[in-house]
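Visitor: I am attaching a structure below and will ask some questions about it afterwards.
Please treat every number below as a calculation from the coordinates, not as lab data. In this text the structure is predicted, and so the values were computed from the model without any measurement. We place every Cβ from the backbone using ideal geometry, glycine too, and count neighbours over all the protein chains shown.
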Amino acid sequence: MRSSDTSGRCGASLSQEPVEFIDAGEDLVVAVIAMRVQGKGSGAPLDAPAVWVHELRAGKIARMRAFTTKAQALEAAGLRE
């Protein structure tokens, strides 16, 4: 798993690191991501989870849906925690 670091237009620093990938059945993957944002001016950190449901077609991501909790994403993918 790789992490990524970017800087947004507002100058904030953003890093994302995959925590878990869940096979949700045919052509669905749930990705749990740890995000960290650091404000440019204040330097204040914000840690937040992001959970994505990826729908695949022909081995490529065709659609991504974002959720704030793992339970919401699993439910959307037809699974339970």
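Visitor: I need the peptides 52-58, 29-35 ranked by packing, meaning the mean over residues of other C-beta atoms within 10 angstrom, with the highest value on top.
Guide: 29-35, 52-58
Visitor: If I model a spin label at residue 16 and residue 44 as a point 7 Å from the Cα along the Cα→Cβ vector, what separation in nanometres do I get?
Guide: 2.4 nm
Visitor: How long are the semi-axes of the equivalent ellipsoid of region 4-76, defined as square roots of 5 times the Cα gyration tensor eigenvalues? Whole Å, largest first.
Guide: Over the Cα atoms of region 4-76, the semi-axes work out to 27, 13, 9 Å.
Visitor: As an exercise, use a Förster radius of 22 Å and the Cβ-Cβ distance of residue 35 and residue 57 to find the FRET efficiency, rounded to the nearest 0.05. Kindly include the intermediate steps, with their values, before the conclusion.
Guide: On the way: r = 26 Å, r/R0 = 1.19.
It comes out at approximately 0.25.
Visitor: Sticking with this structure for a sec: In deg cm²/dmol and to the nearest 500, what is the mean residue ellipticity at 222 nm of the chain if only DSSP H runs of at least 4 residues count, each as -39500 (n - 2.57), divided by the residue total? Don't skip to the answer; put the middle values down first.
Guide: Details: 1 runs with 7 residues, N = 81.
Only helices count here, giving -2000 deg cm²/dmol.
Visitor: State the extension gain, in nm to one decimal, for the chain segment bounded by residue 71 and residue 23, taking 0.36 nm per residue of separation less the distance between their alpha-carbons.
Guide: Extra length available between residue 71 and residue 23 comes to 15.8 nm.
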